[in-house]
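To start, the structure under review is shown below, and the notes come after it.
A short reminder: the numbers here are calculations on the coordinates, not readings from a lab. Note that the coordinates shown come from a computational prediction; the quantities given were computed from them, not determined experimentally. When we count neighbours, we look across all protein chains shown, and the Cβ atoms used for this are built from the backbone with ideal geometry, even at glycine.
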Amino acid sequence: MKITEFINENLILTGLAARDKAGLLGAMVDHLIAKGVIEASRRELLTGKLMEREALSSTGIGGGVAIPHASGERVERMVIAAARLANPVDFDAIDGQPVRLVFMIIASERAPREHLQLLAAIVRALKNEELTRKLLAAKTPRQAFEALAAHDAKGDNGRP
């Protein structure tokens, strides 16, 4: 599964400033609304779903990365919003470290298996130190997207 099938450079934020987890998730949802992916009337519900998921256990997977996710939204297909943060944010990650990269998955309840496959693909990709370095260094959404596209072109295991 290729990450770039579910994201484009318009859904990537570089240098996003947020003070805390709730502010970060809210800013990313607002970006999805601004790009026409999510209806504005769904903002509170979606933000609530994301925070409910975080209350179960943090989606901060360690290494400065978080993958918050929610399903049940009125989206035709899954979508990813990504952010490189201006400053690290405490996300209650499993390693206790603040996060600097966030990949938010918004899914439809109609495709739960696909949601889990995408989550696994993102986890595998972000374990690649070269990709993570490129994403952290990206100054523009285009640079971040190109790093993801190059990684996707190599396949899940990092080889062509």
**OP:** Mind checking which lysines have their Cα closer than 19 Å to the Cα of residue 49? Skip sequence neighbours fewer than 8 apart in that chain.
**Re:** 21
**OP:** Would you mind calculating the relative contact order of the chain from Cα pairs under 8 angstrom and at least 6 residues apart, reporting the percent as a whole number?
**Re:** 29
**OP:** Multiply the residue separation of residue 117 and residue 133 by 0.36 nm, subtract the distance between their alpha-carbon atoms, and state the gained length in nm to one decimal.
**Re:** 3.4 nm
Original post:
Can you list the aspartates and glutamates whose alpha carbon is less than 20 Å from that of residue 35, not counting same-chain residues fewer than 8 positions off?
Top reply: 5, 9, 44, 73, 76, 146
Original post:
Sorted by average packing, counted as other Cβ atoms within 10 angstrom per residue and highest first, what order do 33-39, 11-17 take?
Top reply: 11-17, 33-39
Original post:
What percent does the relative contact order of the range 87-160 come to when contacts are Cα pairs within less than 8 Å and at least six residues apart?
Top reply: 20
**OP:** Please report 113, 43 as a ranked list, fewest other C-beta atoms within 10 angstrom at the top and most at the bottom.
**Re:** 113, 43
**OP:** Could you tell me, in Å, what Rg and Dmax come out for the Cα atoms of the chain?
**Re:** 14.3, 43
**OP:** Evaluate the distance, in nm, between pseudo-label points positioned 7 Å from the Cα of residue 97 and of residue 154 along their respective Cα→Cβ axes.
**Re:** 1.9
Original post:
Can you give the translational diffusion coefficient of the range 74-136 in µm²/s, computed by Stokes-Einstein from the Kirkwood radius over Cα pairs at 20 °C and 1.002 mPa s?
Top reply: 164
Subject >> Share antiparallel - DSSP beta bridges, the chain, percent rounded to 5 >> reply: 50
Original post:
List the lysines whose alpha-carbon lies under 28 Å from that of residue 154, not counting same-chain residues fewer than 8 positions away?
Top reply: 2, 127, 134, 139
**OP:** Can you pull a Stokes-Einstein diffusion coefficient for the range 14-95 at 25 °C (0.890 mPa s), Rh from Kirkwood over Cα pairs, as a whole number of µm²/s?
**Re:** 187
